[in-house]
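Have a look at the structure below, then the notes.
What follows is calculated from the coordinates using simple rules that are stated; it is not laboratory data. What you see is a predicted model, and the numbers here were worked out from it, not measured in a lab. Methodologically, a virtual Cβ is constructed for each residue, glycine included, from the backbone with ideal geometry; neighbour enumeration extends over all protein chains shown.
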Amino acid sequence: MQEGKNPFRKMNELCSRKVPFFFICDFTGDRVEVIPLYELQEHDIFCSNPLFSNASRRTYGKNTTLQWKKYPMAFNEYSRQFEKVMSEINRGNTYLLNLTCATQVETGCTMEELFYRSDAKYKLYFKDQFVHFSPEPFVKISGNIISSYPMKGTIDADEEDAGKKIMESKKEIAEQYIIVDLIRNDLSIVARNVKVEDFRYIEEIITNEKKLLAVSSKISGDIKEEYASRIGDIFSALLPAGSICGAPKKKTVEIILQTESHVRGWYTGVWGIFDGKDTDSCVIIRYLEKQDDHFIFKSGGGITALSEVTAEYREMIDKVYAPVS
């Protein structure tokens, strides 16, 4: 774990002094960095979210077509991992598992160019190691209110009756029930009066290839007094994000580490901003990483007992995109 023995304690200290900072945590919690906002640029970190941006406006061929070629995992290999997950579900070891894959991508753009050309609620360029463009908030804190917004379920908007189809899908409904229950239980660790404010609403996502529809929910609560001004303790209690592992969380993470053929690293971790008053964080998805002389895009989706392998494979590939119109 970076940033000393306890970076979450550093988050608490900066929060108590109302010092704005950036924080990032990888999927397993082995790597955590906490950096005051005024130091971000010298660390080669540029980001944008609803609370803060240090990304100056730049033009990188916005009128040119984005080159984007993807080479996904072979269906047979995906099917092998899928069947392993299904066997764990049938044994009762997990009810929902987010299975992810690594896809090689060819593009004429640099990561920096993709960062500035992209249009996303949350985006991050991190030390020329990776760039990501996430539509999914993780946790927001405003005053005494903490809220989380799990996103589960994605469909091609061009499919006939796409919105109706995803909202009525038994698989997608079951998946959202599981993850909302998990997030509600997680928030109950640090908050009282936890409730589901909005169950299953659709958001539209524009990509370089197509338009997607994604389904989210909103769960909120009142932060317990013992967690007031202790942002580090809050995130330490809530990580990893439930929407990108599954339920039950601890056992599902074990199965993920035994099943997936790539190392997630920063992917499916969390980053966020404390602006001196409020906090806004996101899940690190829609993620492009530099590996040697090529790019790897990591993506996936939730697997339940009602999942069908071909549909899940297609969803994993559909999520390999850049939000550049």
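Would you work out the relative contact order for region 106-231, in percent, from Cα pairs under 8 angstrom that are 6 or more residues apart? The partial results should precede the final answer.
Values: 203 pairs, mean separation 30.8, N = 126.
Here the relative contact order equals 24 percent.
Work from the charge dipole of region 7-318 (Cβ charges, +1 for Lys and Arg, -1 for Asp and Glu, about the Cα centre) and give the residue of C245, G221, S261 farthest towards its positive end.
Towards the positive end, the residue furthest out is G221.
Over the chain, what number does the Rg to Rh ratio reach, with both radii from the alpha-carbon atoms and Rh per Kirkwood?
Numbers: Rg = 18.9 Å, Rh = 20.0 Å.
In the chain, Rg relative to Rh is 0.94.
For the chain, set up a Gaussian network in which alpha carbons nearer than 10 Å are linked by springs, and say which option among G143, G246, G302 fluctuates the most.
G143
Beyond 20 Å between alpha-carbons counts as too far, so tell me which of K249/K290; K121/K165; K127/K152; K298/K319; K195/K224; K170/K249 fall in that bin. Could the numbers behind the result be given before it?
Numbers: K249/K290 29 Å; K121/K165 25 Å; K127/K152 29 Å; K298/K319 9 Å; K195/K224 14 Å; K170/K249 22 Å.
In this structure, K249/K290; K121/K165; K127/K152; K170/K249 lie more than 20 Å apart at Cα.
Please give me the summed charge of the neighbours of I255: other residues whose Cβ is under 15 Å from its Cβ, Lys and Arg +1, Asp and Glu -1. Can you show the working numbers first?
Numbers: positive: R80, K84, R91, K249, K250, K251, R264; negative: E83, E88, E254, E260.
Result for the neighbourhood of I255: +3.
So, in Å, what gap is there between the alpha-carbon centers of region 80-154 and region 29-51?
18
With N set to the residue count of region 221-325, report its C-alpha Rg divided by 2.2 N^0.38 Å to two decimal places. Write out the running numbers ahead of the final one.
Details: Rg = 16.6 Å, N = 105, 2.2 N^0.38 = 12.9 Å.
Taking N as the residue count of region 221-325, the ratio is 1.29.
In debye, nearest 20, what is the charge dipole magnitude of the chain about its Cα centre with +1 on Lys and Arg Cβ and -1 on Asp and Glu Cβ, if you could check?
On the way: 43 positive and 48 negative charges, 106 e Å.
Dipole of the chain, to the nearest 20 debye: 500 debye.
Along the charge dipole of region 7-318, Cβ charges K/R +1 and D/E -1, which of P7, T65, N54 sits furthest on the positive end?
P7
Given only helices, namely DSSP H runs of n ≥ 4 each adding -39500 (n - 2.57), what is the per-residue ellipticity at 222 nm of the chain, to the nearest 500 deg cm²/dmol? Could the numbers behind the result be given before it?
Values: 8 runs with 90 residues, N = 325.
For the chain, the value works out to -8500 deg cm²/dmol.
Lys and Arg at +1, Asp and Glu at -1: add these up for the other residues within a Cβ distance under 10 Å of S216 and post the number. It would help to have the intermediate numbers written out before the result.
Values: positive: K152, R200, K218; negative: E136, D198, E203.
Within the 10 Å Cβ shell, the charges total 0.
So what is the relative contact order for the chain, in percent, with contacts set as C-alpha pairs under 8 Å and at least six apart? Could the numbers behind the result be given before it?
Working: 697 pairs, mean separation 94.0, N = 325.
Computed value for the chain: 29 percent relative contact order.
Could you tell me which residue out of N144, Q129, Q41 lies farthest along the dipole of region 36-145 toward its positive end? Charges go on the beta carbon: Lys and Arg +1, Asp and Glu -1, centred on the Cα centre.
Farthest towards the positive end: N144.
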